[in-house]
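**Student:** One structure follows; several queries about it will come next.
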Amino acid sequence: MIPTYPDLRDKHVLITGGAGGIGAAITEAFAGQGSIVTVLDRDPGGREFAERCNRQIGSVHFRQVDVTDEATLVAALRDAQQQQGPVDVLINNAGYDPRYDTTKMTTKQWDDLFRLNLTHYFWTCRELLPAMKERRRGSIIMTSSVNCWSGDEQLACYTATKSAAIGMVKSLAREVGKFNIRVNSVAPGWVMTPRQAHDIATEDDKRRLVEEWQLLPFLLKPEHIAPTYLFLASDAAAAITRQTILVDAGIAMA
């Protein structure tokens, strides 16, 4: 069950990578709270997803954007603020977790993954923080990963990007706290999004997750992760900043 946070009604929530996987669950959760949700995603299918949300759940505005293109991203952020008003909650979620043998990974692959998983976090914060400072309120939530604890193989670059996001949270929270702006992150475990469930996790992986690796005996789904973003964005978390919350069914501590 997802609790209702009345203070989230009519808040402008901007979510990068909000049209699929964990991001889609986050979008649906905020739309269900009565928030005005802006989704930035490069997947053209996000338009149909937003239309369905508008029919069935609440207000969702989709913009097809490649968040690794600085000029395009900045233009989309400015347009979103002009059309839907200043952003109250920023959720940086767009990312990717390709597997690479470190000895065969190219510099371009390394740089491209940092640009997607971390640099766009910087660009969104740089562009949206001035309005938050002026209004002296706001919540920023980054998406990190359980891999910062587990450090799985062939994910050295991915883990580096997600660990850097936690470092960014710690410093940025100190920088903007005096403006009543909170900065936190959520570190999901191995979540069975459609891509993970069908393309990456084997049946043996799923069995071992439930029986050996996690403390809780069920597969994580996107809907298990979204409520933590709601909580951190709401007034219920008014005194919480500079924190990373693991939502991983205990895999980091198993």
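FYI, it's all coordinate maths here, none of it is from the lab. Because the structure is predicted, anything quoted here is derived from the model rather than measured. Using ideal geometry, Cβ is built from the backbone for each residue, glycine included, and neighbour counts are taken over all protein chains shown.
**Student:** Could you calculate, for the range 143-197, the ratio of the Cα radius of gyration to the Kirkwood radius, expressed as Rg to Rh?
**Tutor:** Reported Rg/Rh (Cα atoms, Kirkwood Rh): 1.09.
**Student:** If you average 1/r over every pair of different alpha-carbon atoms in the range 9-49 and take one over that average, what Kirkwood value in Å do you get?
**Tutor:** In the range 9-49 this quantity evaluates to 9.9 Å.
**Student:** Still on this structure, please answer the following. Calculate, in whole percent, how much of the Cα-Cα pair population of the range 22-87 lies beyond 17 Å. All intermediate terms of the calculation are to be shown ahead of the outcome.
**Tutor:** On the way: 856 of 2145 pairs.
Beyond 17 Å sits 40 percent of the P(r) for the range 22-87.
**Student:** In deg cm²/dmol, rounded to 500, what helix-only [θ] at 222 nm does the chain give when every DSSP H run of at least 4 residues adds -39500 (n - 2.57) and the total is split over its residues?
**Tutor:** -12500 deg cm²/dmol
**Student:** Starting from 0.36 nm per residue, how many nanometres of slack lie between PHE218 and GLU70 once their C-alpha separation is accounted for?
**Tutor:** Answer, rounded to one decimal: 49.4 nm.
**Student:** I want to make sure I understand the PRE zone here: with the label point 7 angstrom from the Cα of GLN154 toward its beta carbon, which residues in the range 93-113 have backbone N atoms less than 20 Å away?
**Tutor:** Residues 95-113 fall inside that zone.
**Student:** Rounding to the nearest 20 debye, state how big the charge dipole of the range 1-111 is about its Cα centre with +1 on each Lys and Arg Cβ and -1 on each Asp and Glu Cβ.
**Tutor:** Using only the charged Cβ atoms, the result is roughly 140 debye.
**Student:** Quick one: work out Rg over Rh on the C-alpha atoms of the range 179-224, Rh as Kirkwood radius.
**Tutor:** Radius of gyration over Kirkwood radius for the range 179-224 works out to 1.16.
**Student:** OK, next. Given an 8 Å cut-off on Cα distances and at least 6 residues of separation, report the relative contact order of the range 43-85 as a percent.
**Tutor:** It comes to 27 percent, rounded to a whole number.
**Student:** Report the semi-axes of the equivalent ellipsoid for the range 53-117 in whole Å, largest first, where each axis is √(5λ) for an eigenvalue λ of the Cα gyration tensor.
**Tutor:** Numbers: eigenvalues 194, 46, 17 Å².
Equivalent ellipsoid semi-axes, largest first: 31, 15, 9 Å.
**Student:** Note the direction-averaged projected area, equal to a quarter of the hull surface, for the Cα convex hull of the range 38-162, in nm². Don't skip to the end; give the middle numbers.
**Tutor:** Details: hull surface 36.0 nm².
Hull-based average projected area comes out at 9.0 nm².
**Student:** Calculate how steeply helix 156-176 sits against the longest principal axis of the alpha-carbon atoms of the chain, using the helix alpha-carbon long axis, and give the answer as 0 to 90 degrees to the nearest 10.
**Tutor:** It works out to around 30 degrees.
**Student:** Quick one: putting +1 on the C-beta of Lys and Arg, -1 on the C-beta of Asp and Glu, what dipole do you get for the range 110-254 around its Cα centre, in Debye to the nearest 20?
**Tutor:** Rounded to the nearest 20 debye, it is 960 debye.
**Student:** Now a separate question. Rounded to whole Å, give me the distance from the Cα center of the range 165-199 to that of the range 1-59.
**Tutor:** So the two Cα centres are separated by 18 Å.
**Student:** Then there's this: Residues of the range 71-106 with backbone nitrogen within less than 19 Å of a virtual label 7 Å along the Cα-to-Cβ line of ALA197, please, listed as ranges.
**Tutor:** 97
**Student:** Grab the other residues whose beta carbon is less than 15 angstrom from that of SER234, score K and R as +1, D and E as -1, and report the net. Don't jump to the answer; show the numbers that get you there.
**Tutor:** Values: positive: ARG9, LYS11, ARG137, ARG182; negative: ASP7, ASP10, ASP88, ASP235.
For residues surrounding SER234, the net value is 0.
**Student:** Here is a further query. Please report the orientation-averaged projected area of the chain, defined via the convex hull of its C-alpha atoms, in nm².
**Tutor:** Seen from a random direction, the Cα hull of the chain projects 13.3 nm² on average.
**Student:** What do you get for the angle between helix 222-233 and the principal long axis of the chain? Use alpha-carbon atoms, 0 to 90 degrees, nearest ten.
**Tutor:** Result, in degrees: 40.
**Student:** Suppose we look only past 17 Å in the calculated P(r) of the range 98-153. What percent of the Cα-Cα pairs does that tail hold?
**Tutor:** For the range 98-153, the share of Cα pairs beyond 17 Å comes to 56 percent.
**Student:** Roughly what percent of Cα-Cα pairs across the range 189-254 reach past 17 Å?
**Tutor:** Percentage above 17 Å: 48.
**Student:** Pairing the Cα long axis of helix 21-32 with the longest principal axis of the chain, what angle in degrees results, from 0 to 90 and rounded to the nearest 10?
**Tutor:** Approximately 30 degrees, to the nearest 10.
**Student:** Label VAL210 and MET1 with points 7 Å out from Cα along Cα→Cβ: what is the distance between them in nm?
**Tutor:** Distance between label points: 2.6 nm.
**Student:** Turning to a different aspect of this structure: Could you tell me the relative contact order of the chain? Use alpha-carbon pairs under 8 Å, at least six residues apart, and round to a whole percent.
**Tutor:** Value for the chain: 20 percent.
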